[in-house]
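As structure tokens, the structure follows; a few thoughts come after it.
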Amino acid sequence: MRTSVGGPGGLIRPGDSESGTLVGRDTDLAALRAAMAGHRLVSVTGLAGVGKSRLCRAAMDIGPWQRVVRVRWTGRGPAVPGGLGRRVVEELTGRPAASRTDLFAAVADLPALPTLLVLDDVDPVRLECAGLVQRLLMAQPTLRVLVTCRRSLGVGEERVFRLAPLDCRPPQDAGRPSAAVELFLDRARRAVADFRPTESDLRAIEEVCSVLEGVPLAIELAAQQLGTHAPADLPGLVTHNQCRLSANGRSVPRHRSLREAMAAEYLLCEEDVRAVWRRAGVLQGPFTEETAVFVCAGGGVAAEQVPFCVARLVSSGVLERLDGPGGVSMPRYRMRRAARDFGFEQLTGTKEFRVAAERRMLHCRRTAAVAENLWSTGCQRQAVELVRERHADIQAAISHAVARQEHVEWAVETMVGLWFWWMVYGHVEEGRRVLLGLLSLPAPADSPVRREGWWLAAWMCADRDPRRAGELLARAWRAAVLAGDDATIGRVAYVHGVLACHHHDVHSAAAHFKQAADTIPALAPGGPSPAVSLAALAVAQLRSAPDDARHSARRALTHPSVRTDAWATMLARHAQALLDHHDGRPRRAARRARRALEALDPTLPDPRGTAALRQLLSEAGEGAALPRQGSLPSPRGEAFRPR
């Protein structure tokens, strides 16, 4: 332990490892001072490196006290029972305390001088501190106590002041950076003389602060890297494994690295809490308590223990709760990046890693199944939001399957279940790269998942590599015929139609789209519905058989599958608008296109086909002539092919 006694002005000394300007904390400082003025016991809590001690040091110079006593637990060596109490009483009384001294009687005999007792970083002796503080407050009515710890003491009179990381968003005032960027710039000027960032440097610094989630310790350590790295290099440096951030010298707080700060918190946790921390390190994005139980239970941690462990990690700042308490939805959590990197480090190389990775893959597989079911039953907004939230975990799980050649079939099944994410919402490049990698790995010859993966990969390749798409379709068709899989046979025909459109062969395209529409079962999951094929058929028939095209468009809008498929409805309305435009009725075409666009969910990204609708609306609204066949928004265009 280290103690400091004296007036407030004497507590911050040159060379102290916590010296330095307090940046971006004006609001927090005012709020803390108000709390200290109105309560006898205030605990400042928060995750490691958030700046609790520095804020408290700044708050001590104003208040109704005439004396300040500061005792800081350094964490060196084992905690001796009663050691904190004896040291506190020694500093309050100014006399050595023997082991059998009645500590509280000694404190009660002190003059009634308004005193502020600051107990800094007391997590290793938290239980002793809680009892000590409670008895001190009863023994000395003029005493006020300020505590810094990662978890509150749980004492009845305690006022908990939870310190959050710095805001990474710039304020409303134009021309001012965010509090996190201000701190970075302040520490950068200390590390590099005459540091003058350019506009591109400022953009890189904003990205760094966002990746570091506004944690002051992490920002200060990142600023120290400017001695050896250019600002443009820092985003890449801090994105992967933040625990490697470290610095030497006395210009940074007592933790010389993020790994050291995380390790200090990790050692304070019970073993079951550590296990949950490690295992949850495989989860890249937000997760629910149910997911935490699924991934983290087992191996000495009972399922009913996991919620308690999650609550402990939230209270210490390792986990962040994303939903306010008392909501109707299930609470969601996210592990802070530095904590996740540390937990993943502890997990890697252990027997737990393989189990945690397998459960993550199963979780993503279940997510894909739920999302596909939502999509096919008309809840397309919920399906896209679910995938968007868990995209990072899906990426990590599938990348692990490719790299380790584990859970390959589950990964392919996940890819197929999320076909709409890849093909409708513009992630086809990522999907093609990953799915082709998975399909190149060994698998059972009769795998039903493989034939679905082949036709989806062919659709992904149709725009960039038609030859490879044809090869994949041949494999998918043979396997589907042998298995009697009508849905895959129909979707193979659909992709053949897309390939025919690339070759300007609208007659073959129409034949393939018709086969797809007639073959795919109405509510078959795992791919585009028959209504999508009918809409594509109408566009392919537009010039050669306009009457047939009108019939196909009407079939698309009345097909049973279109009732629960907003994307198919938009494509069918697009086909009808094209027919109106072709018939010389541009205003009617514009009205149809406008209604189709207005029906889109504004909370989601634009699905494929939106750009073609807007182009048609522009042309029809201006009364422009029908575009030439080569530029017509047809199955060759972005509405019916990969983006």
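The values are calculated or read from the model by the stated rules, or taken from the named source; none is laboratory data. All figures in this text were calculated on a predicted structure; none of them were measured in a lab. No Cβ is skipped: glycine too gets one built from the backbone with ideal geometry, and neighbour counts run over all protein chains shown. We work out accessible area using only protein heavy atoms, side chains counted, and drop any ligands, DNA or RNA first. Shrake-Rupley method; radii C 1.70, N 1.55, O 1.52, S 1.80 Å.
As for the range 506-514, it holds no residue that is within 38 Å of the chain's Cα centre (by Cα) and of a type in the set (A, V, I, L, M). Taking first residues from the range 422-433 that are of a type in the set (A, V, I, L, M) and partners that are surrounded by 22 or more Cβ atoms within 10 Å (Cβ to Cβ) and modelled with pLDDT of 95 or more, the Cβ contacts under 7 Å between residues at least 6 apart in sequence or on separate chains come to 423/459; 428/422; 428/460.
I need every pair where a residue in the range 596-615 that is in a loop (DSSP other than H, G, I, E, B) has its Cβ under 9 Å from the Cβ of a residue that is open to solvent by less than 20 Å² (accessible area, probe 1.4 Å) and at pLDDT below 85, sequence separation at least 6 or different chains. Once the first residue is in a loop (DSSP other than H, G, I, E, B) and sits in the range 596-615, its partners that are open to solvent by less than 20 Å² (accessible area, probe 1.4 Å) and at pLDDT below 85 give 608/639; 608/640; 608/642; 609/633; 609/637; 609/639; 609/640.
Pull out all pairs, ordered by first then second residue, where Cβ-Cβ is under 8 Å, the residues are six or more apart or on different chains, the first lies in the range 382-411 and is more than 25 Å from residue 443 (Cβ to Cβ), and the second is among the hydrophobic types (A, V, I, L, M, F, W, C) and part of a loop (DSSP other than H, G, I, E, B). Close Cβ pairs satisfying both conditions: 384/604; 385/604.
Listed residues 455, 477; which is in a helix (DSSP H, G or I) and under 17 Å from residue 419 (Cβ atoms)? Break it down into steps so the answer makes sense when it comes.
Numbers: 477 fails: under 17 Å from residue 419 (Cβ atoms).
Criteria check complete, one pass: 455.
Entry remark, the range 274-303: residues being in a helix (DSSP H, G or I), in contact (Cβ under 8 Å) with a residue 12 or more places away in the chain and open to solvent by 10 Å² or more (accessible area, probe 1.4 Å) number 7 in total. Once the range 148-187 is narrowed to residues that are over 30 Å from residue 134 (Cβ atoms) and of a type in the set (Lys, Arg), the residue that is most open to solvent (accessible area, probe 1.4 Å) is 169.
Residues in the range 82-110 that are open to solvent by 60 Å² or more (accessible area, probe 1.4 Å) and under 16 Å from residue 135 (Cα atoms) were compared, and the one that is modelled with the lowest pLDDT is 102.
Take the conditions (1) within 22 Å of residue 486 (Cβ to Cβ); (2) within 40 Å of the chain's Cα centre (by Cα); (3) not in a loop (DSSP other than H, G, I, E, B); residue 570 misses just one of them, which is (1). Residue 598 satisfies every condition listed in (1) at pLDDT below 90; (2) within 22 Å of residue 456 (Cβ to Cβ) except (2). Residues of the range 549-578 that are open to solvent by 60 Å² or more (accessible area, probe 1.4 Å) and closer than 19 Å to residue 511 by Cα: 550, 551, 554, 555.
Of 581, 502, all but one fail to be crowded, with 19+ Cβ neighbours inside 10 Å and of a type outside the set (S, T, N, Q); the exception is 581.
Given the structure, is residue 306 modelled with pLDDT of 90 or more, out of contact with any helix residue (DSSP H, G or I) (no Cβ under 7 Å at 6 or more places or on another chain), part of a helix (DSSP H, G or I) and among the β-branched types (Val, Ile, Thr)? So residue 306 fails the test.
Scanning the range 505-539 for residues that are aliphatic (A, V, I, L, M), in a helix (DSSP H, G or I) and surrounded by fewer than 19 Cβ atoms within 10 Å (Cβ to Cβ) yields a single hit, 511.
Consider residue 373 against the criteria (1) more than 17 Å from residue 407 (Cβ to Cβ); (2) open to solvent by less than 60 Å² (accessible area, probe 1.4 Å); (3) in a helix (DSSP H, G or I): it satisfies all of them except one. Which criterion is unmet? Among (1) more than 17 Å from residue 407 (Cβ to Cβ); (2) open to solvent by less than 60 Å² (accessible area, probe 1.4 Å); (3) in a helix (DSSP H, G or I), the lone unmet condition for residue 373 is (2).
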